[in-house]
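The values are calculated or read from the model by the stated rules, or taken from the named source; none is laboratory data. Small disclaimer: the values here were computed from a predicted structure and weren't measured. Cβ: placed from backbone, ideal geometry, glycine included. Neighbour counts: every protein chain shown.
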Amino acid sequence: MIQTVQKWYEESFGEDYLLIYRHRNREHAEGEVQNMLQWLKLPQQSHILDLCCGTGRHALTFADANYRVTGVDLSSVLLQVARMSDPNQRITWIEGDMRALPDDARFTEGFDAVVNLFTSFGYFEEDSEQMKVLRQIRRALKPHGRFVIDLMNASYVAEHLVPFSQRVEQGVVISEMRQIEEGFVVKKIVIQELNRPPRRYTERVKLYTAEALAAMLNEAGLVLDSVYGSYDGQVYDPRLSSRMIMTGHKK
């Protein structure tokens with residue numbers, strides 16, 4: 001019997017992810033969404049797709065600002081948290097792969113904007129797989145619809161990478177080891193909890209330069225308008241910016 005080996009992104013976004021990244025909260029999301037709305041320039045009630053929405057902190061904040069929102073994520077665990085945070089069912093939550101969005105009409109020119117946030121791009125080994133994501137974004141957008149894709153800045157990561165860190169969250173020791181391997185930033189995570197065996201995860205994300213990603217966007221039928229170095233709207237600097245936030249529109 002052939003066993004299928006799980007990819008890292010099929011294993012990592014579970015209960016332990018909620019512990020590892022508990023510092024990412026709604027308060028941070030509120031400021032980020034306000035800045036994105038200035039970039040997107042969308043009238044209220046526009047329809048936004050949060051692609052790789054996780055626990056929904058940005059999706060919920062968009063809904064609070066009077067936008068219609070759909071959130072898509074591969075993780076049933078994170079989506080369960082999102083649904084619990086949305087008791088009035090304002091948002092449509094869908095479990096799915098960002099490379100193959102549902103075939104129904106909503107995902108064919110159904111959205112005024114698509115956002116893909118906090119390094120939810122670059123998960124796959126081959127550029128051809130990342131291109132599938134960009135083409136799905138294009139397909140989902142209405143004519144001239146807009147997008148935001150937020151990634152780590154490759155040059156900044158290479159220069160400021162912290163090889164090892166350790167912290168304690170709710171009595172649990174979290175150790176994180178980071179290195180760059182063949183153009184990917186790889187983070188190995190070990191979680192140690194009293195009277196339990198260690199739990200281990202790996203995160204592996206492709207690093208792209210602004211020029212490389214701009215070329216991929218163009219190939220996918222998307223136009224790059226601006227690149228920001230932070231959610232404060234700082235101009236992107238290849239050496240100094242920690243983020244590379246790309247905004248643009250469908251051709």
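Miscellaneous remarks
- Residues located in the range 180-202, provided they are of a type in the set (Asp, Glu) and either touching a residue at least 40 places away in the same chain (Cβ under 8 Å) or not in a loop (DSSP other than H, G, I, E, B) (or both): Glu181
- Condition broken by Leu224, with the remaining ones in (1) of a type in the set (A, V, I, L, M); (2) touching a Leu at 6+ places or on another chain (Cβ under 9 Å); (3) surrounded by fewer than 14 Cβ atoms within 10 Å (Cβ to Cβ) satisfied: (3)
- The helices (runs of 4 or more DSSP H) found wholly in the range 1-96 and carrying at least 2 residues that are at pLDDT below 95, surrounded by fewer than 20 Cβ atoms within 10 Å (Cβ to Cβ) and out of contact with any Pro (no Cβ under 6 Å at 6 or more places or on another chain) occupy 8-11, 15-20, 26-40.
- From the list Val162, Val205, Val157, the one residue that fits, being surrounded by 13 or more Cβ atoms within 10 Å (Cβ to Cβ), of a type in the set (Val, Ile, Thr) and either at pLDDT below 95 or outside any strand (DSSP E or B) (or both), is Val157.
- Whether a residue is modelled with pLDDT under 95, out of contact with any strand residue (DSSP E or B) (no Cβ under 8 Å at 6 or more places or on another chain) and more than 29 Å from Ile191 (Cα to Cα) was assessed, and Ala100 does not pass this test.
- Some residue of the range 113-124 being under 19 Å from His249 (Cβ atoms), assigned by TED's automatic domain parsing to the domain that holds Gly233, outside any strand (DSSP E or B) and of a type in the set (S, T, N, Q): no
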